[in-house]
Amino acid sequence: MEGSRKIDGDQFINLVKLSGHHTVRHKGKSGKITSSMLESGNIKRKNLGSSREEIGYEMRFLNEGYLEDIARLQEIMVQNLPDKEIFRLTAPEEFRELLAQKKTVISVLTEDGLIAYNMVCFPDENGDNFGVDINLPQSELKKVAHLKAVVVHPAYRGNELQKRLANIHLKVLQELGYCHVCSTVSPKNAISIQNHFASGFVVTGLKVKYGDLLRYIMYKNIFRTFAPEPEVVGIESTDTDGQKMLIDRGFAGFKIQVRNDGWQVMYGMPVSKLF
Ligand SMILES: CC(C)(COP(=O)(O)OP(=O)(O)OC[C@H]1O[C@@H](n2cnc3c(N)ncnc32)[C@H](O)[C@@H]1OP(=O)(O)O)[C@@H](O)C(=O)NCCC(=O)NCCS
């Protein structure tokens with residue numbers, strides 16, 4: 001599981017150095033502020049020796065002026081990833097394309113520069129739309145948005161930034177008229193799965209995506225809260241066939257249960273229609 005890796009001293013310093021900035025920045029192409037503030041406050045940064053320090057942060061939408069920063073943060077995250085299979089890298093041209101669109105990337109900026117981002121995208125009805133993977137009716141596919149990627153710098157993990165960024169982006173998606181939000185997550189990525197559950201997503205698919213990567217397809221209906229029937233089933237996250245069978249029968253995964261020997265995903269039948 002990704003969440004068990006510790007950062008040693010030298011590695012930590014290198015990670016912070018790589019981020020390379022020393023004031024909260026919010027530049028546009030011309031170096032000027034280009035998007036209004038979504039949120040600000042203090043978060044904790046892990047320092048060497050695992051002491052924690054309060055640091056000011058700002059949340060803003062990012063634009064193309066941040067192409068290098070976002071690629072650098074992805075690189076820092078990858079260097080620290082214990083299992084490369086859990087994160088599908090975003091290519092430079094994908095970053096460029098998304099940053100050119102409004103409201104697709106929300107950032108967290110501190111005196112260290114860009115330390116976290118959440119990215120959404122809007123799939124074509126006939127393209128690679130995860131709505132198809134979960135049998136969403138054809139007429140609904142134009143109302144699907146994808147959570148594409150979320151990254152938090154290792155020194156800033158533990159501030160619930162994934163959840164906070166997702167929740168702000170979900171409100172933005174609602175304002176933009178989207179109804180269905182899908183996201184793919186590796187069954188090995190317990191922290192991200194848990195954060196998706198906390199934001200109201202449920203597991204409605206499990207299949208190979210991006211060529212050869214096993215992924216949960218997680219789904220959230222912006223206008224309906226998921227509630228399971230009383231009878232729930234716990235199943236190991238490694239039991240792919242068992243989970244696929246439950247999903248085929250209409251169950252949805254909605255909670256993680258940690259046990260001594262690992263963790264299970266709890267599946268339940270939705271009390272009302274998901275879509
Ligand atoms: C997944 C991710 C965005 C979560 O970051 P986050 O929002 O800071 O996580 P949380 O605040 O919910 O962290 C909860 C706990 O797990 C710990 N944690 C979070 N991510 C961790 C990681 N990758 N490794 C070890 N521990 C981690 C936190 O320190 C915190 O512990 P604490 O309660 O003892 O302080 C972050 O781990 C990350 O960038 N991972 C790599 C990229 C990735 O997997 N993205 C998601 C793809 S679907």
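Laboratory data are not the source of any read-out in this text; all were calculated from the coordinates shown. Computed from a prediction, not measured in an experiment: that's the story for all the values here. Note that each Cβ is placed from the backbone with ideal geometry, even for glycine, and that neighbours are counted across all protein chains shown.
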Failed item in (1) more than 17 Å from Leu109 (Cα to Cα); (2) within 11 Å of the ligand (Cβ to nearest atom); (3) of a type in the set (A, V, I, L, M); (4) surrounded by 20 or more Cβ atoms within 10 Å (Cβ to Cβ), with Ile134 passing the rest:
(2)
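A quick yes/no check of all residues on (1) part of a loop (DSSP other than H, G, I, E, B); (2) within 13 Å of the ligand (Cβ to nearest atom); (3) closer than 23 Å to Ile43 by Cβ:
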site: Asn159; (1), (2), (3): yes, yes, yes
site: Asn167; (1), (2), (3): no, yes, yes
site: Leu173; (1), (2), (3): no, no, no
site: Gly177; (1), (2), (3): yes, no, no
site: Thr184; (1), (2), (3): no, yes, no
site: Phe197; (1), (2), (3): no, yes, yes
site: Lys207; (1), (2), (3): no, no, no
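Residue by residue through segment 223-259, note down the ones that are in a helix (DSSP H, G or I), without any contact (Cβ under 8 Å) to a residue 12 or more places away in the chain and either crowded, with 16+ Cβ neighbours inside 10 Å or of a type outside the set (A, V, I, L, M) (or both). Walk me through it before giving the result.
Initially, segment 223-259 is screened for residues in a helix (DSSP H, G or I), giving 240-248.
Checking the rest, the ones that are also without any contact (Cβ under 8 Å) to a residue 12 or more places away in the chain come to 241-242, 245, 248.
The answer is Asp241, Gly242, Asp248.
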When you scan segment 33-45, do you find a residue that is surrounded by fewer than 17 Cβ atoms within 10 Å (Cβ to Cβ), within 16 Å of Leu161 (Cα to Cα), in contact with a strand residue (DSSP E or B) (Cβ under 6 Å, 6 or more places away or on another chain) and of a type in the set (Ser, Thr, Tyr), even just one?
yes
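Test Lys220 against the criterion of being touching a residue at least 24 places away in the same chain (Cβ under 8 Å), surrounded by 13 or more Cβ atoms within 10 Å (Cβ to Cβ), more than 30 Å from Leu38 (Cα to Cα) and basic (Lys, Arg), and give yes or no. Reasoning before the result, please.
Working: touching a residue at least 24 places away in the same chain (Cβ under 8 Å): yes; surrounded by 13 or more Cβ atoms within 10 Å (Cβ to Cβ): yes; more than 30 Å from Leu38 (Cα to Cα): no; basic (Lys, Arg): yes.
Taking the combined requirement at face value, the residue does not satisfy it.
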Specify the residue that is surrounded by the fewest Cβ atoms within 10 Å (Cβ to Cβ); the eligible residues are those in segment 260-275 that are under 23 Å from Asn189 (Cα atoms) and either aromatic (Phe, Trp, Tyr) or in contact (Cβ under 8 Å) with a residue 60 or more places away in the chain (or both).
Trp263
Those residues that are of a type in the set (Val, Ile, Thr) and closer than 20 Å to Arg164 by Cα, I need them from segment 89-127; list them, please.
Thr104, Val105, Ile106, Val108, Thr110, Ile115, Val120
Let me spell it out: the conditions are (1) surrounded by 21 or more Cβ atoms within 10 Å (Cβ to Cβ); (2) more than 9 Å from the ligand (Cβ to nearest atom); (3) farther than 20 Å from Ala252 by Cβ; (4) not hydroxyl-bearing (Ser, Thr, Tyr), and Asp212 meets all of them except one. Which number is the exception?
(1)
From the set of residues in segment 70-84 that are hydrophobic (A, V, I, L, M, F, W, C) and farther than 16 Å from Ser107 by Cα, which is surrounded by the most Cβ atoms within 10 Å (Cβ to Cβ)?
Leu81
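For segment 121-146, which positions are touching a residue at least 60 places away in the same chain (Cβ under 8 Å) and either assigned to a loop (DSSP other than H, G, I, E, B) or under 16 Å from His196 (Cβ atoms) (or both)?
Here is the first cut: in segment 121-146, the ones touching a residue at least 60 places away in the same chain (Cβ under 8 Å) are 130, 133-134, 136-137, 140.
Selection gives Phe130, Asp133, Ile134, Leu136, Pro137.
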Contact list please: Cβ distance under 9 Å, first residue in segment 86-98 and of a type outside the set (Phe, Trp, Tyr), second residue in a helix (DSSP H, G or I) and within 10 Å of the ligand (Cβ to nearest atom), pairs at least six apart or on different chains.
Ile86/Glu2; Ile86/Ser192; Leu89/Gln74; Leu89/Val78; Thr90/Gln74
